[in-house]
Amino acid sequence: MKRATGLAALSAGLAMLLTLPASCFAAAEDAIGTWKDTESGATTQIYSCGGGICVKIVTPSKGREVDNNNPDPKLKGRSMAGVTIMTGAVKDGADRWKGQLYNSEDGKTYGGWVIVTNKDEVKLEGCVLGILCKTRVWRRAQ
């Protein structure tokens, strides 16, 4: 009798898991891929690196093709295509990764997050002092 009860509970639990939306199971694999910024049109790639994820520019947005604000004279003026803008991103919740985010608009690095909304949308969020934040929505490139 106890065995049947245990199996019934297990079956009920599995049935509940199957009814949850897929977004409840966002994982690193959902972030991996090529993304298009809905605001700027830039294309980025999120890839596995060092046990977490990194983000690099594939195609920069119009008007931001060159890294003119980089404080490092050796890097100033480089093409933004191929530049890694997020490094060391480690799991920081069920569907988010925290790492260092380079902002070519001002040449500074901030704490930032990649947040998986669903398998076809992620958000990139960067914050100054943890309170002034800017979020960009990226959709999976087809």
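The values are calculated or read from the model by the stated rules, or taken from the named source; none is laboratory data. Since this is a predicted model, take the numbers as computed values, not measurements. Please note: Cβ atoms are built from the backbone with ideal geometry, for glycine as well, and neighbour counts cover all protein chains shown.
Condition check ((1) modelled with pLDDT under 90; (2) closer than 21 Å to Leu124 by Cβ; (3) in contact with a Cys (Cβ under 9 Å, 6 or more places away or on another chain); (4) of a type outside the set (A, V, I, L, M, F, W, C)) across all residues:
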{"position": "Leu7", "(1), (2), (3), (4)": "yes, no, no, no"}
{"position": "Gly13", "(1), (2), (3), (4)": "yes, no, no, yes"}
{"position": "Leu18", "(1), (2), (3), (4)": "yes, no, no, no"}
{"position": "Ile32", "(1), (2), (3), (4)": "no, yes, no, no"}
{"position": "Thr44", "(1), (2), (3), (4)": "no, yes, no, yes"}
{"position": "Ser48", "(1), (2), (3), (4)": "no, yes, yes, yes"}
{"position": "Thr59", "(1), (2), (3), (4)": "no, yes, no, yes"}
{"position": "Pro73", "(1), (2), (3), (4)": "no, no, no, yes"}
{"position": "Val90", "(1), (2), (3), (4)": "no, yes, no, no"}
(request) Would you mind telling me which numbered condition in (1) in contact with a strand residue (DSSP E or B) (Cβ under 6 Å, 6 or more places away or on another chain); (2) within 23 Å of Thr38 (Cβ to Cβ) Lys62 fails? (result) (1)
(message) Looking only at segment 76-96, filter to residues that are of a type in the set (A, V, I, L, M) and surrounded by 13 or more Cβ atoms within 10 Å (Cβ to Cβ); which one of those is nearest to Ile53 (Cα to Cα)?
(response) Ala89
(request) Specify the residue that is farthest from Glu39 (Cα to Cα); the eligible residues are those in segment 65-75 that are surrounded by 14 or more Cβ atoms within 10 Å (Cβ to Cβ) and of a type in the set (D, E, K, R). (result) Asp67
(request) Go through segment 92-142 and count every residue that is modelled with pLDDT under 90 and among the aromatic types (Phe, Trp, Tyr). (result) 0
(request) Output the number of residues of segment 102-142 satisfying the condition of being crowded, with 17+ Cβ neighbours inside 10 Å and within 20 Å of Lys62 (Cα to Cα). (result) 4
(request) Look at Val90 and say whether it is closer than 15 Å to Ile32 by Cα and among the hydrophobic types (A, V, I, L, M, F, W, C). (result) yes
